[in-house]
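What follows is a set of notes on a single structure, which appears directly below.
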Amino acid sequence: MIKRYIKILIGLVAAALIAVAAYMGVSHNEKKNIEKQMAEELKKVVFDFDPEDIVKMNVHNSTGDYKFDLTKDGWVITEGNQFQLSPDKFVTIATTMSTLTASRILSEELPDDLASFGLEDPMTVCLITSDKKEHSIDIGSQVPGDDSFYARVTGGDTIYIVSKSDIEKLSSEEKDLKDKLLFDLASTDSINYIKYIKGGSIVFDLRKEDDGWDLVTPFPQGKVNAASVKDIASQLIRAQSVTFIDEEMNDLSKFGFDNPKYQLEIGADSKQAKLLFGNYYDDSGAYIYVYNKTIDQIYIFETASLSFIDTETEDILVRELRNEFFGNIKSFDINVFGKKIKIDYNYSVGGSGETRYLVNNKKIDNTNEETLNVFNNLINSITGLSFSNICEDVSHSELTKEPDASIVYHLKEGEDYVLEFIEKSDEENMYYIIENGNYTGTLLRKGVFEGGILQYYDELMDLL
């Protein structure tokens, strides 16, 4: 329980000041002045209650009257227009009101002309505790030339001057109470599917199973990189709109939702959303219209907060071709564009034997740091190969051509692992990747050979 002791604290401060005054020999009149000042400070305390006791909230704003109840599933609208609520806003309102203190008091007598202060038909926020006690405030207009607002306790006579920052936290127009998040969840753990479509084509359709994420389409044989998916999911639950468009969705073309640039479906244990991303709001493309079909709400989002829209299928997959324990590698046989490389890789684990490396029968001196670094770069360029692109639509004739390059892992335990690379006819810088005789559906760029394996091999031969 969060306890509030504002009045007690002010009283203790007053008592302390009076005690100090007495000790210092301050006059009786000065003591009275201190007591008076502290009494004035106490008058500025508008509310002092425990926000955790709040179970209901009633609001009167420019669009009408609303009633909200706190249930086991969170806050719900029991009266008024229905929309998706921001749970954080209710916490902000309750905590702000529970310790609300005015910056000063304008008048302790109710003026005849409430309209001059914006209090004739004000925004009213009423919080009700579990014991049915009401804490209600009327929020008026801004004080001319000042960053503060007029306010009063509903039904009270005192006119308070309250800071703009507190009023902004208490503001309860419909737009203030709406959830601004793209997909409001406390964490990504409960998300169980994400489907993303760009330009009418599915970029990924992901489903979470007991053993992790699976890519249903377009490349079901791909291994999903869970960290990449978590990054996207984290972005989806953090992205926050800059404003709302409150308009009936009778014409999808008005905002570009009839032919959306992007579409997103996301689901969790407790909620789902189907989102359409339409036209850009501005010429520079800095802002974009987003339509949540599930709750029938249009938003404007900053495009930079939605960087997932640049994601390609390859970006959510583990691209590494082989992740082999170095201690299990006996040797490599490599042929890259006719250049043959034989590497004997006798790596000793835990000092159990001598570590010896031979490249085309030339011994690597383990004590020569420069040579050893280049050799390690060569090994890493071989074992760290990653595919560049997905390419599933390939003719049989393409895959029956002679390989232009190959890498064979000879293992101490297990069968040899063979990678072959066949040049793509219409792209001379791309190669189909064949793994143990089977096409992987992926491509490798030629530069990976030229700027990797061949480059480090040539450097090593120069040193040897």
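Derivation of every value follows stated rules applied to the coordinates shown; laboratory data play no part. None of these values were measured; they are calculated from a predicted model. Note that we place each Cβ from the backbone using ideal geometry, even for glycine, and neighbour counts take in every protein chain shown.
Tabulated data for the structure shown
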{"read-out": "Cα-based reach from K164 at 24 Å (exclusive), listing lysines while leaving out same-chain residues under 8 positions away", "value": "K7, K43, K44, K89, K175, K178, K180"}
{"read-out": "Projected label distance in nm at N259 and S187, using a 7 Å step from Cα toward the beta-carbon", "value": "4.4"}
{"read-out": "Whole-Å semi-axes of region 62-205's equivalent ellipsoid (Cα gyration tensor)", "value": "38, 17, 14"}
{"read-out": "Chain lengthening between S163 and D112 when straightened (0.36 nm per residue, less Cα-Cα)", "value": "16.0 nm"}
{"read-out": "Integer Hz, Karplus 6.51/-1.76/1.60 couplings in order for region 183-194, x for Gly and Pro", "value": "8, 7, 9, 6, 8, 7, 4, 8, 5, 10, 7, 9"}
{"read-out": "Cα-based reach from K362 at 29 Å (exclusive), listing lysines while leaving out same-chain residues under 8 positions away", "value": "K330, K339, K340, K342, K412, K446"}
{"read-out": "Mean separation of Cα contacts under 8 Å (6+ apart) over length of the chain, as relative contact order %", "value": "8"}
{"read-out": "Net charge contributed by nearby residues that have their C-beta within less than 14 Å of L454 (K/R +1, D/E -1)", "value": "-1"}
{"read-out": "Cα-based reach from K208 at 25 Å (exclusive), listing lysines while leaving out same-chain residues under 8 positions away", "value": "K195, K198, K223, K230, K271, K274, K293"}
{"read-out": "Scaled radius of gyration (Cα, divided by 2.2 N^0.38 Å) that the chain gives", "value": "1.52"}
{"read-out": "Radius 12 Å from Cβ of K164, net charge of other residues (Lys, Arg +1; Asp, Glu -1)", "value": "-3"}
{"read-out": "Cα→Cβ-extended label distance, 7 Å offset, between A304 and E450, nm", "value": "3.7"}
{"read-out": "Cα long-axis angle, helix 28-43 against the chain (0 to 90 degrees, to the nearest 10)", "value": "60"}
{"read-out": "18 Å cut-off, amide nitrogen to a point 7 angstrom out along E134 Cα→Cβ, residues in region 36-62", "value": "47-49, 54-62"}
{"read-out": "Translational D in µm²/s for region 153-240 (Stokes-Einstein at 25 °C, 0.890 mPa s, Kirkwood Rh from C-alpha pairs)", "value": "147"}
{"read-out": "Dipole magnitude (debye, nearest 20) for region 118-275, charges at Cβ of Lys, Arg, Asp, Glu", "value": "720"}
{"read-out": "Net charge over other residues, Cβ less than 10 angstrom from the Cβ of T383 (K, R count +1; D, E count -1)", "value": "-1"}
